[in-house]
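The values are calculated or read from the model by the stated rules, or taken from the named source; none is laboratory data. Just so it is clear, the structure is predicted and the values come from calculations on it, not from any experiment. All Cβ positions, glycine included, derive from the backbone under ideal geometry; neighbour counts span all protein chains shown. Surface areas here come from the heavy atoms of the whole protein model, side chains and all, with no ligands, DNA or RNA. Shrake-Rupley method; radii C 1.70, N 1.55, O 1.52, S 1.80 Å.
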Amino acid sequence: MRKLITGLTLGLTLGLTLAGPLRAQDVLPPEPAIEDTIQSQFDAFLQDDFATAFTFASPNLRTMFRTPENFGAMVKQGYPMVWRPDAVTFGDLRSVAGGLYQRVIVTDDAGNLHYLDYQMQQVDGRWRIAGVQILQAPDLAA
């Protein structure tokens, strides 16, 4: 069984380490409902339950991909680290130009780290994932 890490201590430590220079953004306190939405989608992917994973996508993404099968194929092909993560850590939640972005650090089964920004959107009082951007790994060399 894959280990999914959601510890705030590790997330806060990594988030502070990886924050880099701020560009017109505000770091916000963690939002458990956002983290729960993202974690629930990861859990669905680990079960190959693309129908459930699709429910966490925003209306625009649902319209774009039209079916859970199309959505699942895109994730498997373009985001294999999301489809089969070994560990997931939540970093900073940020407000950037009016949008909310949750930093997520994913460790794949080969031990590689992947840095992702999840754009979040509130729809009918529930958080939905409006997009995921793969970020360049930070240069940690001093």
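What to note about this one:
- Close amide-amide hydrogen proximity is noted between ALA87 and THR107, each under 5 Å apart and 5 or more residues distant or on a separate chain (H modeled in the peptide plane; Pro and chain starts excluded).
- Sparse-neighbourhood loop sites, trypsin sites (Lys or Arg not before Pro) in the stretch 56-142 - DSSP loop, at most 12 other Cβ within 10 angstrom: ARG66
- LEU28/ASP109 FRET efficiency (R0 25 Å; Cβ-Cβ; nearest 0.05): 0.20
- Cβ-defined net charge surrounding PHE50, 13 Å radius [Lys, Arg +1; Asp, Glu -1]: -1
- Using θ = phi - 60° in the Karplus curve 6.51 cos²θ - 1.76 cosθ + 1.60, the 3J(HN,Hα) couplings for the stretch 90-105 round to 8, x, 6, 9, 10, 9, 10, 6, x, x, 9, 10, 9, 6, 10, 10 Hz; x is entered for Gly and Pro.
- Accessible area of TRP83 in the full protein assembly, 1.4 Å probe (Å², nearest 10): 60 Å²
- Counted charge near PRO59, where neighbours are those whose Cβ lies closer than 13 Å (Asp, Glu -1; Lys, Arg +1): +3
- Heavy atoms of PHE50 accessible to a 1.4 Å probe, total area in Å² rounded to 10: 40 Å²
- With an a/c value of 1.5 or above and a/b not larger than b/c for the gyration tensor axes a ≥ b ≥ c computed over the alpha-carbon atoms, the stretch 33-133 is described as oblate.
- Nitroxide proxy distance, nm - points 7 Å out along Cα→Cβ at THR52 and GLN133: 3.0 nm
- Rounded to the nearest Hz, the phi-derived 3J(HN,Hα) couplings of the stretch 113-129 under the Karplus curve 6.51 cos²θ - 1.76 cosθ + 1.60 (θ = phi - 60°) are 8, 10, 9, 10, 10, 9, 7, 10, 9, 8, 10, 6, x, 10, 7, 10, 8, where x marks glycine and proline.
- Residues whose amide H lies under 5 Å from that of LEU135, counting only those 5 or more places away or on a different chain, are TYR115, LEU116, ASP117; hydrogens are built 1.01 Å from N in the peptide plane.
- A 1.4 Å probe over all protein chains sorts ASP117, ASP109 by accessible area into ASP109, ASP117, starting with the largest.
- Spin-label model, ASN70 to ASP36: label points 7 Å out along the Cα-to-beta-carbon direction sit 3.0 nm apart.
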